[in-house]
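Undergrad: Attaching a single structure in structure tokens format; questions to follow.
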Amino acid sequence: MLDDIRRVALEIWPQRLHAPRGLTRADFRGYQTRFVALIGDAIAGAIPGLMLALPPGAGKTVTVLTGLRDAFDAGTIRKALVTSTLLVAKTVWHAEIAEWPHLGGTTWTIVRAEDNDPEIAAVSESVYAECLDRAQTWFDAEVKDARRGNPSKASALAIVRARWEDRARALQSDEDREARRKPKGAPGDFAERERQGAVAAAKERMLQRLVAEPTELHIINKEALPWLWKHFRNGHAWPYDVVVADDLREGRSGKHRSKGSTKAAGKGAAPLSRWGILARVRKHVKTTIILTGTPTPKGLENLWGLAYLIDLGQRLGTAKTAFLKRWFNVDRYNHTVTPNGLITGKDGKVLEDGYAFFEITSKVKDIMFSIDEEDLGDLPPFIVDPIHVQLAPKVLAAYKAFEREMVSQEYDVEAVNGGVLHGKLLQFANGSMYRDDGEDVFIHDEKIQALTELVDRLDGSPLLVAYTYKFDVERICAAFPDAVVLGPENAEDCVRRWNEDRIGLLLAHRASAAHGLNMQKGTGHMCEYGLTSDAELYLQFLKRIWRPGRKTKVFNHVIIADRTIDEDVFPSYLNPKIETQERILAQMRVAT
């Protein structure tokens, strides 16, 4: 009972932190003080909102928290919402509150319900055991009944199993039927179905309890946005005065609906996307604050979705199609979008940005702000260490044949188009490929051997490894049993231990660890086990340890499978910048 009371006090009820701290508000850089004032202007209605396109290490989180704290104290807002990735939601925002004395009075609640939460786990275990016992009793009784007049137990089992499969088929979702998933009708499957239902209900109760907490700041992971929108009656009961979107990648899409619309199947429109929810939320709040380190990784066209979430189309228009038609040349055959007036050289380098670039950036200059990274202090040296591996002649021949024919009889893998082929070739270079059934087929272990040699060469120095695929992490863990995998359930502990150099080999997926986590106090060694063509994920992951204020060099060990797609992707790893984005940010920089 006492443990339960402690847990509730620490995890659920409003939290006020007054721990001793080092830095104070007097340590703010000039641009931080200016951005705090701009947040006040946005809340007061002088500007509709703002986008802080700042590099990692610039102090985005504490700047926003300070602006919100001032507004709370002034009584201009009562409640604010922060939405971010799960790892950042669990580890960053409340930790920043604990670091600064002037934020100590801020009350906060992390609105999340996870399987490993003690309350949820207890429900899961008890319900499953009870349901399994009951289901097994029913199953045995039906088998016994089926054996009457039938001496064969095997026949009776077959009859009952078929009957239970029919019951399971009747309970299948439309999605399961469309995917032609075989129904599972064993007692354990029915118990699992009941457990999932009980866990979902328990999570719903926990989320409702947490979201009702009278704290000033609610922090959620972005995946919970649809639940939150629905919970508050599609915005009709929206309680938040301000929404802070922290590195919401979907914010650039400008798509109101999620992929895979069910409208064609006669089931109505597809659900709102996260962007679509934030666009509707904007009508119910005083202001929206967007935080991002990479606002336009794919080009100038990314700005429309971000600007719309701030001003609902006042600056760049209310429709993305009209925005693109006005300022871009859209080649739908080649799927390219080029700003009007752009002039490039024969090598593809931009010679002149053109009128579209300057018109668009000038329209958002009063709501979008950036700084020069030099204002943060010197970045430590960044050293790329390419590690080349050679595929065996037979394996390389299979790779080239697959690249050419887009099908591999040997590995039972097919690429239906160029985009799928690109991904499959990256998988092949790593040592496996996924089949259509979701299972992976082993091809080679050259990268595992290279990683083993690298670990030996570092001789105990901690190493952060970026992995891409599930089979990557499974095989790395098999080769290195002491490796630690960073995930939502252990993020806070992992980041702390990493910064204390207490983890020898830490594995992290770029998509889950690429935003918000500060790992600069640990070692300066990282490894790109599998390469990615997503420039934003690469840059954001790199910025976890290559940040201003770091005292030591950063070594990025990039494992490259020679004569594969890795060689095409690798050049982007030599220059950790996105050129178009850099030119846009240069237009938005404030004087310091």
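The values are calculated or read from the model by the stated rules, or taken from the named source; none is laboratory data. Only a predicted model underlies this, so the values are computations on that prediction, with no experimental measurement involved. Reconstructed Cβ throughout: ideal geometry from the backbone, glycine too, with neighbour counts over all protein chains shown. Please note that ligands, DNA and RNA were not included when accessible areas were found on the heavy atoms of the full protein model with its side chains. Shrake-Rupley method; radii C 1.70, N 1.55, O 1.52, S 1.80 Å.
Undergrad: With the Cα gyration tensor of the stretch 111-205 giving a ≥ b ≥ c as the square roots of its eigenvalues, does the rule (a/c under 1.5 for rounded; else a/b larger than b/c for prolate; else oblate) give rounded, prolate or oblate?
TA: oblate
Undergrad: Rounded to the nearest 5, what % of DSSP beta bridges with both residues in the chain are antiparallel?
TA: Here the antiparallel bridges make up roughly 20 percent for the chain.
Undergrad: Please list, by residue number, everything in the stretch 98-126 whose backbone N is under 17 Å from a paramagnetic label point 7 Å out along Cα→Cβ of ASN490.
TA: Within reach of a label on ASN490: 115-117.
Undergrad: Give the accessible area for LEU391 in Å² (nearest 10); use a 1.4 Å probe, count only protein heavy atoms, and leave out ligands, DNA and RNA.
TA: LEU391 exposes around 20 Å² with every protein chain in place.
Undergrad: OK, next. Could you sort the peptides 105-112, 414-421 by per-residue average Cβ neighbour count (10 Å cutoff), highest mean leading?
TA: Peptide ranking by packing, descending: 105-112, 414-421.
Undergrad: Further question on the same structure: If I compute solvent accessible area with a 1.4 Å probe over the protein chains, what percent of it on the chain is carbon and sulfur?
TA: 51
Undergrad: Here are some pairs, LYS286/LYS363; LYS222/LYS298; LYS60/LYS286; which of them have Cα atoms lying more than 29 Å apart in this structure?
TA: none
Undergrad: Place a point 7 Å from the Cα of ARG209 along the Cα-to-Cβ direction; which residues of the stretch 116-152 have their backbone N under 20 Å from it?
TA: Under cut-off, by backbone N: 116-128.
Undergrad: Provide the FRET efficiency to the nearest 0.05 for the ALA122-HIS335 pair, computing r from the beta carbons and using R0 = 60 Å.
TA: 0.75
Undergrad: A further question follows. Contour minus end-to-end for ALA401 and SER155, with contour as 0.36 nm per residue of separation and end-to-end as the Cα-Cα distance?
TA: That works out to 83.6 nm of additional length.
Undergrad: Counting only residues 5 or more places away or on other chains, whose amide H sits under 5 Å from the amide H of ARG257 once H atoms are built in the peptide plane?
TA: Those qualifying (amide H under 5 Å, at least 5 residues apart or on another chain) are SER273.
Undergrad: Can you tell me the accessible area per residue over the chain, all protein chains present, probe 1.4 angstrom, in square angstrom?
TA: 48
Undergrad: If the reach is capped at under 19 angstrom between alpha carbons, list the aspartates and glutamates near LYS551, excluding any in the same chain fewer than eight residues apart.
TA: GLU373, GLU374, ASP375, ASP378, GLU500, ASP501
Undergrad: Now for a separate question. Rounded to the nearest 500, what is the 222 nm mean residue ellipticity of the chain from helices alone, with -39500 (n - 2.57) per DSSP H run of 4+ residues and division by all residues?
TA: Calculated from helices alone, the mean residue ellipticity at 222 nm is -13000 deg cm²/dmol.
Undergrad: Which entry is the computed volume of the Cα convex hull per residue in Å³ for this structure: (i) 221; (ii) 211; (iii) 202?
TA: (iii)
Undergrad: If you add up the charges near VAL199, with Lys and Arg at +1 and Asp and Glu at -1, over every other residue whose beta carbon is less than 13 angstrom from its beta carbon, what do you get?
TA: It works out to a net charge of -4.
Undergrad: State to the nearest 20 debye the size of the charge dipole of the chain about its Cα centre, where the only charges are +1 on K and R beta carbons and -1 on D and E beta carbons.
TA: 1980
Undergrad: Same structure again: Modelled label-to-label distance, ASP456 and ASP412, 7 Å Cα→beta-carbon offset: nm?
TA: With each label point 7 Å from Cα toward Cβ, the separation is 3.5 nm.
Undergrad: Each label point is 7 Å from the Cα along the Cα-to-Cβ direction; what then is the distance between the points at ALA74 and ARG148, in nm?
TA: 8.0
Undergrad: The stretch 264-361: which trypsin sites (Lys or Arg not before Pro) are DSSP loop and have at most 12 other beta-carbon atoms within 10 angstrom?
TA: Within the stretch 264-361, the qualifying trypsin sites (Lys or Arg not before Pro) (loop, at most 12 other Cβ atoms within 10 Å) are LYS267, ARG332, LYS346, LYS349.
Undergrad: Hey, another quick one. Dipole of the chain (Lys/Arg Cβ +1, Asp/Glu Cβ -1, origin at the Cα centre): which of GLN449, THR361, LEU379 lies farthest to the positive side?
TA: The Cα lying farthest towards the positive end belongs to THR361.
Undergrad: A follow-up question, please. Can you flag which of LYS182/LYS447; LYS255/LYS283; LYS470/LYS521 are past 25 Å Cα-Cα?
TA: Long pairs (Cα-Cα over 25 Å): LYS182/LYS447; LYS470/LYS521.
Undergrad: Taking the Cβ of MET406 as the center, what net charge do the other residues with Cβ under 15 Å away carry, scoring Lys and Arg +1 and Asp and Glu -1?
TA: Local net charge: -2.
Undergrad: Using the Cα centre as the reference, give the magnitude of the dipole from point charges on the C-beta atoms of the stretch 71-210 (Lys, Arg: +1; Asp, Glu: -1; all else neutral), rounded to the nearest 20 debye.
TA: Taking the Cα centre of the stretch 71-210 as origin, the dipole is about 680 debye.
Undergrad: OK, next. In nm, to one decimal, how far is the ALA44 label point from the THR24 one, both placed 7 Å along Cα→Cβ?
TA: Between ALA44 and THR24, the simple spin-label model gives 2.6 nm.
Undergrad: Right, next: Find out how many positive minus negative residues lie around ARG233, taking Lys and Arg as positive, Asp and Glu as negative, among other residues whose Cβ is under 15 Å from that of ARG233.
TA: It works out to a net charge of +3.
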